[in-house]
There are 2 protein chains.
Amino acid sequence: MPQRSVVEAPNPLREGLRIKHSPEPCVMVIFGATGDLTHRKLLPALYNLALETPLPAGFSVVGFARRPYTDEQFREQALESINQYSRQKPVNPQVWESFASGIHYLQSDFHNPSGYEKLTEMLNKLDHERGTGGNRIYYLSTPPSQYPDIIQNLGAAGLNRSRKGWTRIIIEKPFGRDLASARELNRQVAKVFREEQVYRIDHYLGKETVQNILVFRFANGIFEPVWNRRYVDHVQITVAENVGLEGRGAYYEEAGAIRDMVQNHVLQLLTLVAMEPPIAFDANPVRDEKVKVLHALQPLTGQDVVANSIRAQYGPGWVGGHQVTGYTDEPGVSSLSVTETYVVLKVFIDSWRWAGVPFYLRTGKHLPKRVTEIAIQFKQPPLMLFKRSEAHGQVEPNVLTLRIQPDEGISLKFGAKVPGSEMQIRSVNMDFFTGLLSSANSPRPTNASCSTVCWANQRSLHAVTR
Amino acid sequence: MPQRSVVEAPNPLREGLRIKHSPEPCVMVIFGATGDLTHRKLLPALYNLALETPLPAGFSVVGFARRPYTDEQFREQALESINQYSRQKPVNPQVWESFASGIHYLQSDFHNPSGYEKLTEMLNKLDHERGTGGNRIYYLSTPPSQYPDIIQNLGAAGLNRSRKGWTRIIIEKPFGRDLASARELNRQVAKVFREEQVYRIDHYLGKETVQNILVFRFANGIFEPVWNRRYVDHVQITVAENVGLEGRGAYYEEAGAIRDMVQNHVLQLLTLVAMEPPIAFDANPVRDEKVKVLHALQPLTGQDVVANSIRAQYGPGWVGGHQVTGYTDEPGVSSLSVTETYVVLKVFIDSWRWAGVPFYLRTGKHLPKRVTEIAIQFKQPPLMLFKRSEAHGQVEPNVLTLRIQPDEGISLKFGAKVPGSEMQIRSVNMDFFTGLLSSANSPRPTNASCSTVCWANQRSLHAVTR
């Protein structure tokens, strides 16, 4: 199998598909088990799986980190996190009891080989006691600087494969800082793990509406015929946050909006919207089609960068009724920083389907509203038959909006006649809310679309950085 | 202008478009002013126009009928009807006062020339007193057998045109009983009126969703590309009534479902769904495109009649919790009647757009549910990518439903992913309700589609009639 570059997408569907083949018991080793990601996301997510799926019997967690905890202490912290962050409250005592019995803690530095010897012992013991059959998942939930040490030590200890069962490694973004460092990390991973053992994760892709994009496009007969340059005027992909840095100044100062959001989440959304139908709904065919989109992206070079991108930074102001400081006054941020907190890119995909159709990619922090959505704006009908209604406002183009958060769902804007004896046309929405699918399918009132949000209060970085 | 046959459609849009050019004052003469149609529909509709539009100053109504009433008595009856049947309650005293001041009554037999002399005098007087400028509308709200008398007398009295202003005649369905009688009626009309004076009315076409069909199709860019044989599997047009004859046995016995509903309402809906885009949204271009659809209809002949049609009659049973008698036990109906109360036709349109796509036309009385709707069922996507979800039921095709009554609106059924870690697809609806457009655009819960209604309790007439 040829090596994949980091622009090749982690596949959110892989896991989902596997689950149908009755999941096997395994041990998940979480490196960086005392960190924020583990407690806010991983442990609550695992508990939710235990509650809903349920998890395979014997499923176990080993928390691997530097701080000195006992199993019991780590379990207490896990329970606290689940209490705070699980969407299913209150905690179910039986489920927790069973889940907690599989939670263990292993104290070690990431670079210390003896920690990995202890890990080998513990995994073998768990295989024996809990029947996990040699199946392991390593989850790297540490700062990226630790990845090489952990990967190398796993390899040195022979933990990169089991005598029986399978071994997988999950690597969170950011996967390197640029092309060179991403290639270097890939090289280190590939020295120890085979490609099919490696899962590069973008947690954004677990959202229902993201997963629904392919279903919407390919399980229905009526959208795909208009999903191309002949009918689509342009596409807007927006990831707007109303929050600021939330104490992550030191990290963000090194990253900026493009590294934090665009190269991962936004480009993933782009590939899902723009890809050709895969030959099958399986990991590799879907991945291959996504890669084709990324290869077909026109690079932004030379004057195009100025013409087709905007970078900006938030200043002091008001968000949601609260006064907020400007970016350069945030803790951990240089007062001279030119790190962008807002970015818009206008990109083109040089494919038969999309040639000439602009895709606007837009993300930022401290914006007036939190919303993630993909808006596909269609062209006007070829002939304006209802000219006489112009007195009542131009007929607006159709817009199909795939809303990822909040209120995950789909809206279609179309023109309809206003009741009455005059021929007056107004744009209206048909809405569907994903969250209501699990119970009953009843619609809810629409939120104003993101395109109505005013993008104020962003100081342009163009002058600063060029 | 060549003479139009009755299969050429009356144009629902004509009036709507004209209203924008500030309506002129006129007198509406209602022949058969004491009848059911006048009191249940015409007078309440005129009052609603007075309330909403408003009507042009001086607008007047002359009720023409045999019964001996004074203006005052006729006004009292009109108020009673408006109180009972107007959708705007209670009656606004100022609007009623002004509207009533223009209402007059003229007692005469329809065949008596002296009645038309009195009418001439009255119209001239109204022109003088109320400034109606010689503009007249004659509304034939009598049994069809009276039409020839009235038309002939209008001509003889010179009331078929005014010295100044315009003269129009409105003829309600049924326009003849068959091709020969329709042609004969048309001939009589044409002797007295020029074609552009004649309005053949199908009141069904005034419904908002009917008028919305063309807007939906042609003011939006995304529906027309899939509105053809390449993407549409079949179309169902359903006009289901839960009521029975409601005392109209003698009429219905002579008509039956095909004459009562199919040749007018249902075929009109068919033309609106199937027509090509007109070159302009004006009366003649729209009429021309409708006629093309009717000309392209494959005639049902020979064995096709048996294979592609069902005629049936309701028997005794239960509808909506009430026991109802069978058709042949209804007052005014022969116990040996083979008049159909239910009909289904499978028809094909031999056009480039629709060749090979079946259109199912279906109507009947005493059905489980009152619903009028057009359901466009699309073909499945060419490739079934989501085969693995078959365990959870086949992916269903897309259906676009234009609901005309009740709850006028539009629904789109499409497949979406059920939230959760499995790839399970379920059909969901996006809905839009026309009635909510005038105020706010907020959706309401969906009714079950008509296609789920069970068409039970209909005795087939095939054996009886062939």
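Read the figures in this text as sums done on the coordinates, not as results from a lab. Remember, predicted model here, so these are calculated numbers, not experimental data. Neighbour counts run over all protein chains shown; Cβ positions are idealised from the backbone, glycine included.
A few remarks follow.
- Cβ neighbours within 10 Å from other chains - mean over B:209-216: 5
- Evaluated with a Cβ-only charge set (Lys, Arg +1; Asp, Glu -1), the stretch A:56-184 carries a dipole of roughly 400 debye about its Cα centre, given to the nearest 20.
- Lysines with Cα under 16 Å of B:K164, excluding same-chain neighbours fewer than 8 positions away: B:K125
- Label 7 Å beyond Cα on the Cβ vector: B:E254 copy-to-copy distances, nm: 9.2
- Straight-line cross-link partners of A:K173 among the lysines, defined as a Cα under 27 Å from its Cα and at least 8 positions apart when in the same chain: A:K20, A:K41, A:K191, A:K207, A:K290, A:K292, A:K346, A:K365, A:K369, B:K417.
- Dipole magnitude of chain A, debye to nearest 20 (Cβ charges: Lys/Arg +1, Asp/Glu -1, about Cα centre): 860
- Proximity of backbone amide H atoms, modeled 1.01 Å from N, is registered between B:W166 and B:N135, B:R136 at under 5 Å, excluding neighbours fewer than 5 places apart on the same chain.
- Near B:V319, the amide H atoms lying under 5 Å from its own belong to B:V324; only residues 5 or more places off or on other chains count, and H is placed 1.01 Å from N.
- Put simply, when A:108-118, B:268-278 are sorted by average Cβ atoms within 10 angstrom per residue, most first, you get B:268-278, A:108-118.
- Helix A:208-218 and the long axis of chain A differ in direction by around 60°, with both axes built from C-alpha atoms.
- Ranking B:S141, B:S309, A:G63 by Cα position along the charge dipole of the protein assembly as shown, where only Lys, Arg, Asp and Glu carry charges on their C-beta atoms, puts B:S309 farthest toward the positive end.
- Between 0 and 90 degrees, the angle of helix A:147-156 with respect to the longest Cα principal axis of chain A falls at about 40 degrees.
- Dipole magnitude (debye, nearest 20) for the protein assembly as shown, charges at Cβ of Lys, Arg, Asp, Glu: 1320
- Summing Lys and Arg as +1 and Asp and Glu as -1 over all other residues whose Cβ lies under 13 Å from the Cβ of A:N112 gives a net charge of -1.
- Remark on B:Y105: its backbone amide H falls under 5 Å from those of B:G63, B:D71, a criterion applied only to residues 5 or more positions apart or on other chains, H modelled at 1.01 Å from N.
- Compared with the dominant Cα axis of chain A, that is its longest principal axis, helix A:43-52 is turned about 80°.
- Euclidean distance between Cα centres, the stretch B:156-175 to the stretch B:45-76, Å: 18
- 7 Å along Cα→Cβ, label-point gaps from A:G320 to other copies, nm, shortest first: 5.0
- Shielding by partners for peptide B:221-232, expressed as the average number of C-beta atoms from other protein chains within 10 Å of each residue's C-beta, is 5.
- Among A:S351, A:H39, A:A156 the positive-end extreme of the charge dipole of the protein assembly as shown (Cβ point charges): A:S351
- Part-to-part distance (alpha-carbon centres) for the stretch B:190-268 and the stretch A:271-349, which is given in Å: 51
- With its label point defined 7 Å out from Cα along the Cα-to-Cβ axis, A:R87 lies at 4.0 nm from the matching points of the other copies, in increasing order.
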